[in-house]
């Protein structure tokens with residue numbers, strides 16, 4: 001028997017038999033949280049209520065680096081969780097700081113969506129077909145470095161705003177193209193805007209891109225309670241291991257939001273592969289390290305241990321090759 005999913009405008013008091021799931025208020029955040037809530041309701045039969053929480057990152061028009069990092073999207077959600085206004089919060093993993101939040105844990109990571117970046121350009125243009133000097137919008141230092149490496153002639157424009165705002169600047173002729181994550185476009189039903197998909201082998205993406213994290217109060221992820229049961233229904237073991245490895249790179253490099261870093265992990269045929277790159281901000285140089293781990297089985301605890309080990313080995317190689325001198329790594333996020 002499936003439960004129901006409803007929406008709430010503000011803090012919701014605890015009600016027996018209802019799980020309160022916190023989300024940012026953007027269209028993308030609501031779409032991805034709704035998908036998670038519906039999966040939980042279907043699998044458990046529990047009623048789920050979505051609670052919208054406004055974050056500073058949602059209301060500010062400053063660039064991400066000026067705001068102080070990806071944590072600006074997580075703080076308000078975590079505060080609501082700590083004061084028991086919600087039971088579970090849903091993050092985009094690339095928006096989540098790597099430093100552990102006191103009293104909170106990542107209880108589940110659903111199966112990752114398409115991790116690739118895409119180009120959304122006027123007239124159906126691909127990256128190779130953009131004219132010299134074309135104006136391409138992105139707010140990501142990693143994407144800036146990658147674009148400059150591939151097409152140094154492009155005019156890269158720093159942008160903020162939601163998906164519709166960014167696509168609107170292309171439609172209005174202010175920009176020739178924008179770079180957006182395939183996962184976000186897919187969750188919003190906007191893949192029709194994509195004119196070019198970037199292969200991960202050529203344009204690796206941010207650690208955790210395409211994945212979501214469900215965070216809960218420490219202890220709620222254990223046992224047989226409704227929160228623990230909800231988490232177990234949506235957790236995807238191999239995705240969880242992959243993002244653990246990718247985020248280990250960020251943590252090990254003590255990388256802040258201004259650091260142009262990419263990391264991609266996958267589990268294939270019993271092997272956990274991780275590749276990470278650090279770019280010079282102008283795209284003129286790139287350091288890459290790749291390692292593999294061989295978990296004894298696909299059991300979660302073996303994969304988690306393997307993920308942390310392979311992440312540490314990639315970090316060691318990157319630092320030994322001079323990653324700290326190549327790019328401003330900033331503080332741990």
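What would the Debye equation give as log₁₀ I(q)/I(0) for segment 117-197 at q = 0.21, 0.25 Å⁻¹, counting only Cα atoms as equal point scatterers?
For the requested q values the scattering log ratios are -0.91, -1.33.
Which of the following values of Rg and Dmax of the Cα atoms in Å was calculated from the structure shown: [x] 23.9, 77; [y] 19.7, 61; [z] 19.5, 65?
[y]
Give me the distance in nm between label points sitting 7 Å out from Cα along the Cα-to-Cβ direction at residue 202 and residue 172, one decimal.
In this crude spin-label approximation the distance works out to 3.1 nm.
By the gyration tensor of its Cα atoms, with a ≥ b ≥ c the square roots of the eigenvalues, what is the shape of segment 240-326: rounded for a/c under 1.5, prolate for a/b over b/c, or oblate?
Prolate, since a/c reaches 1.5 and a/b exceeds b/c.
Return the FRET efficiency for the residue pair residue 316, residue 165: r is the Cβ-Cβ distance, R0 is 30 Å, and the value is rounded to the nearest 0.05.
On the way: r = 41 Å, r/R0 = 1.35.
Plugging the Cβ-Cβ distance into 1/(1 + (r/R0)^6) gives 0.15.
Where does the chain land at 222 nm, in deg cm²/dmol rounded to the nearest 500, when only DSSP H runs of n ≥ 4 count, each adding -39500 (n - 2.57), divided by all residues?
The per-residue figure over the chain is -9500 deg cm²/dmol.
Just to be sure I understand the model, the point goes 7 Å from the Cα along the line to the Cβ. What's the resulting residue 218 to residue 285 distance in nm?
Each label point lies 7 Å from its Cα, and together they span 4.1 nm.
Which percent, nearest 5, of DSSP beta bridges in segment 117-197 are antiparallel?
Approximately 55 percent, going by the DSSP bridge assignments.
With each pseudo-label sitting 7 Å past Cα toward Cβ, what's the residue 324-residue 7 distance in nm, one decimal?
Using points 7 Å along Cα→Cβ, the separation is 4.8 nm.
So what is the relative contact order of segment 176-333, in percent, for Cα pairs below 8 Å that sit 6 or more residues apart? Can you show the working numbers first?
Numbers: 234 pairs, mean separation 37.3, N = 158.
Contact order relative to length: 24 percent.
By DSSP, what percent of the beta bridges with both residues in the chain are antiparallel, rounded to the nearest 5?
Expressed as a percentage, antiparallel bridges in the chain total about 65.
Mind pulling the angle between the C-alpha long axis of helix 27-44 and the longest principal axis of the chain? Nearest 10 degrees, somewhere in 0 to 90.
Around 40 degrees separate the two axes.
Any read-out appearing in this document is the output of simple, stated calculations on the displayed coordinates, not a laboratory observation. Computed from a prediction, not measured in an experiment: that's the story for all the values here. Methodologically, a virtual Cβ is constructed for each residue, glycine included, from the backbone with ideal geometry; neighbour enumeration extends over all protein chains shown.
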